[in-house]
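The values are calculated or read from the model by the stated rules, or taken from the named source; none is laboratory data. Since we're looking at a predicted model, the values are computed, not measured. Using ideal geometry, Cβ is built from the backbone for each residue, glycine included, and neighbour counts are taken over all protein chains shown. For accessibility, only protein heavy atoms count, side chains too; no ligands or nucleic acids. Shrake-Rupley method; radii C 1.70, N 1.55, O 1.52, S 1.80 Å.
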Amino acid sequence: MSDVSLLVSEEYLENDFFLSEEYEGSNDKAERKIKFIKVIFCVLCFALLCELVIYKYVMPSFSSPKVTVTGQKDYTAEEIARMLLPMNSTSWFDFDVEQAVSILSSEAGIEHVSVEKKFPDKIYVNVTEREPVAVTFVMDGGHTAPVQIDKNGVLFSGKKNAVNEQESILPIVSGIPVEYMSKGMRIPAKYRPLIDQISKISEMPQHYFASVSEICVLPKDSGNYELALIPAQSKVKVLTDRALNEDALKYMLVVLDVVNQIGTDVAAVDLRYGSVSYITR
C-alpha cells in the first residue's frame, strides 16, 4: 500500500508541476497582451492630443487673426478692422502690434488706442474716441464743412449722423483762423484756452450752451481777441472779453432778460470794460 500511494503522489506532483507551468505561461501571454493594448492606447491618445493641439492652436496661428474691437461709439468694429487691412497680416504671427497702434492713432477721431495679441488667433483692440466740445466750419475739398473740436483743440471730422445730432447741443465757434482741414490738426495755440473754457462749462450740470447758439471770435489789432455771443432765443448780440466762464454767462443771461423786458430796439449789448452798454439798431 505504501508503494502504490507513493507512486500516486508522485504522479499528482508531476501533474501539478505541468499545470503550474501552463498557468504561468498563459499569465505571461495575458500580461503581454495587456501591455500591448496599453501601448496602443497611449499612442492613440498622444496622436489625438497632437491633432487637438494642431487644430486648436497651431493652425489658427497661421490663419487670418480674429479682431475684436471695444470702446468705440461712432466707429464700427468693421471700420476699425478695415483700417488695419493695409498691414497685410496673413496670420497671427505676422500681425504687428506697434504698426496697428500707429495706423489707428493716425485717425483724427481716435484719441487713444491699445492693441493686444492673445494666442493663438485673437487680436483685441480698445479705442477711445475724441469727445467733441464745440463745432466750427472749415474748407474741406472746396466746400465748407462742419468740423468738431475736442478739449485739446484737435480738429476731427465726426460721423455725419453724429455731427448732425451734436450740432444741436454743441456750441458753434466761428472766427478761428483755420483755412483747411488735415488729420490731427489743432487750432492755433492762443485759441486753445477758449476751447478749454468751453469744455469746463460743458461739464457743468447747467446747460448754459443751450442758450448760446454761436460763439464768434473777434480778432483785435493787438493780436488778442474778444468774443461775441449769439443767444439762441434772442436777436441781441452780446460782446464780451475772452474770459468765458460761468459768471460771465450768468451775467449775460441776466442782462438779456432785462433788455428783453424793456423792449428797446437793442442790436447788441457790450459787457466789456466792466460796464454795460448797448447799441440800438
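P(r) for segment 131-281, from all Cα pairs and a bin width of 10 Å, is 10, 40, 34, 14, 2 %, short bins first.
Computed on segment 219-281, the Cα convex hull volume stands at 91 Å³ per residue.
Applying the Kirkwood pairwise sum to the alpha-carbon positions of segment 178-265 produces a hydrodynamic radius of 14.5 angstrom. By a 1.4 Å probe calculation restricted to protein chains, SER222 has an accessible surface near 90 Å², given to the nearest 10.
Under 5 Å from the amide H of LEU155 lie the amide H atoms of MET185, ARG186, ILE187, each residue being 5 or more positions distant or on a separate chain, with H modelled from the backbone and absent for Pro and chain starts.
Looking at segment 185-221, the trypsin sites (Lys or Arg not before Pro) that sit in a DSSP loop and have at most 10 other Cβ atoms within 10 Å of their own Cβ are LYS220.
Applying the Kirkwood pairwise sum to the alpha-carbon positions of segment 97-138 produces a hydrodynamic radius of 11.8 angstrom. For ASP94 and SER114, the FRET efficiency from 1/(1 + (r/R0)^6), where r spans their Cβ atoms and R0 equals 22 Å, is about 0.65. With contacts taken as Cα pairs under 8 Å and at least 6 residues apart, segment 162-281 reaches a relative contact order of 18 percent.
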